[in-house]
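Notes follow once the structure below has been shown.
The values are calculated or read from the model by the stated rules, or taken from the named source; none is laboratory data. As the structure is a computational prediction, the values presented were derived from the model and not from experiment. All Cβ positions, glycine included, derive from the backbone under ideal geometry; neighbour counts span all protein chains shown.
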Ligand SMILES: Cc1ncc(COP(=O)(O)O)c(C=O)c1O
């Protein structure tokens with residue numbers, strides 16, 4: 001079977017909408033266009049029915065009750081509402097003073113968690129940024145050691161978006177509940193891929209997003225626990241009082257219907273999909289490590305999502321490799337910030353040196369990835385690495401036995 005180019009291996013960045021999701025959404029753009037807030041006519045009722053079904057489908061996916069789902073514009077907004085909303089609600093001292101409360105997070109969280117935490121630091125909250133080891137794993141023990149009497153909130157992602165590592169979320173949830181601390185998890189990369197039970201796992205607040213699970217962009221949700229304990233938040237977007245007052249604004253009905261359908265499909269298909277993706281990811285990692293030397297798979301060996309792999313190819317610039325395999329859409333371990341190419345803060349955060357961080361690629365597979373695409377990628381990437389190394393003076397020096405980490409480079 002021939003492979004259709006370009007190949008998409010960047011599902012951690014975003015996923016295509018499943019055609020079944022698009023089909024479910026379509027009537028809500030045209031015939032069923034009512035505002036669900038219109039309580040006095042059939043257009044409103046019909047659109048409210050679509051929203052109710054989606055709420056049910058989302059709640060079902062994560063083991064929640066319908067009333068615990070607050071629709072947002074995505075995970076960024078859900079994280080902001082959870083973190084700022086909980087901090088303001090559970091603060092220990094009034095706004096404007098110092099010592100308003102202690103928050104625990106991790107230095108390799110997504111910016112949609114780190115930036116709200118930084119904002120809270122500026123207004124009197126104290127934030128601890130845990131630093132995982134080289135495997136990227138956040139354990140309950142790390143959180144336990146950091147919890148203080150004034151800790152009000154712990155926010156830790158379920159799975160990392162760059163390395164796919166899965167944290168000890170149920171254990172951290174239990175610890176937080178035992179200590180009476182609110183627990184939020186950014187589950188953007190997790191939900192829809194792995195079974196989730198917010199009740200059993202003691203989660204108070206959980207964010208997820210449509211476009212990471214074959215739904216549309218610009219829609220997501222925050223789960224807010226209503227019992228044992230009942231969690232309350234200070235709203236961050238105020239207005240018409242939609243979504244139990246937590247998130248005002250006319251609902252994005254088409255997006256919400258799509259998110260609901262995507263949730264339903266993920267629930268039905270995630271187990272078979274995960275098995276398939278895991279086999280493909282393993283083949284990708286094994287073949288590349290067999291064919292090439294100086295290849296390192298980053299993140300925890302087993303506690304990792306099935307579809308994400310982050311690989312460093314020694315003596316190669318990730319950006320050059322990306323250019324050399326233009327037909328395969330991947331992400332590199334460098335982020336373009338201003339004029340310079342900074343190595344990823346996630347890879348640096350787990351102690352990977354600048355050289356290996358610069359030489360890394362993140363590949364993330366998805367629902368429509370085929371075996372042929374994986375085999376094509378293995379061939380193309382191995383060929384490109386061999387070619388680039390032939391041109392690499394560093395690789396030559398290494399082969400001559402020179403330890404390149406000890407070289408004193410002269411700046412002119
Ligand atoms: C872990 C994580 N959190 C948050 C986000 C932001 O999600 P959204 O695009 O829905 O705002 C992303 C997306 O890149 C992510 O991977």
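Filtered by the rule that a residue be in contact with a helix residue (DSSP H, G or I) (Cβ under 9 Å, 6 or more places away or on another chain) and assigned to a loop (DSSP other than H, G, I, E, B), the stretch 82-100 gives 95, 100. Considering the stretch 101-135, the residues that are in contact with a strand residue (DSSP E or B) (Cβ under 8 Å, 6 or more places away or on another chain), away from the ligand (no atom under 16 Å from the Cβ) and not in a strand (DSSP E or B) include one that is farthest from residue 179 (Cα to Cα), namely 135. Scoring residue 395 on the criteria (1) part of a strand (DSSP E or B); (2) in contact (Cβ under 8 Å) with a residue 24 or more places away in the chain leaves a single failure, condition (1). Out of 31, 48, one residue alone is out of contact with any helix residue (DSSP H, G or I) (no Cβ under 6 Å at 6 or more places or on another chain) and part of a loop (DSSP other than H, G, I, E, B). It is 31.
Residues that are part of a helix (DSSP H, G or I), near the ligand (Cβ under 9 Å from one of its atoms) and within 22 Å of residue 37 (Cβ to Cβ) within the stretch 51-81 comprise 77, 78, listed in sequence order. Every condition in (1) touching a helix residue (DSSP H, G or I) at 6+ places or on another chain (Cβ under 6 Å); (2) closer than 23 Å to residue 299 by Cα; (3) assigned to a helix (DSSP H, G or I) is met by residue 142 except one, and the failing one is (1). For the subset of the stretch 199-212 comprising residues that are crowded, with 23+ Cβ neighbours inside 10 Å and not in a strand (DSSP E or B), which member is nearest to the chain's Cα centre (by Cα)? Out of the qualifying residues, it is 212.
Conditions (1) crowded, with 16+ Cβ neighbours inside 10 Å; (2) modelled with pLDDT of 95 or more; (3) outside any loop (DSSP other than H, G, I, E, B), marked per residue:
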| residue | (1), (2), (3) |
| --- | --- |
| 226 | no, yes, no |
| 244 | no, yes, yes |
| 254 | yes, yes, yes |
| 260 | yes, yes, yes |
| 267 | yes, yes, yes |
| 271 | no, yes, yes |
| 277 | yes, yes, yes |
| 284 | yes, yes, yes |
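The residues of the stretch 326-342 that are outside any strand (DSSP E or B) and modelled with pLDDT of 80 or more, listed by number, are 326, 327, 330.
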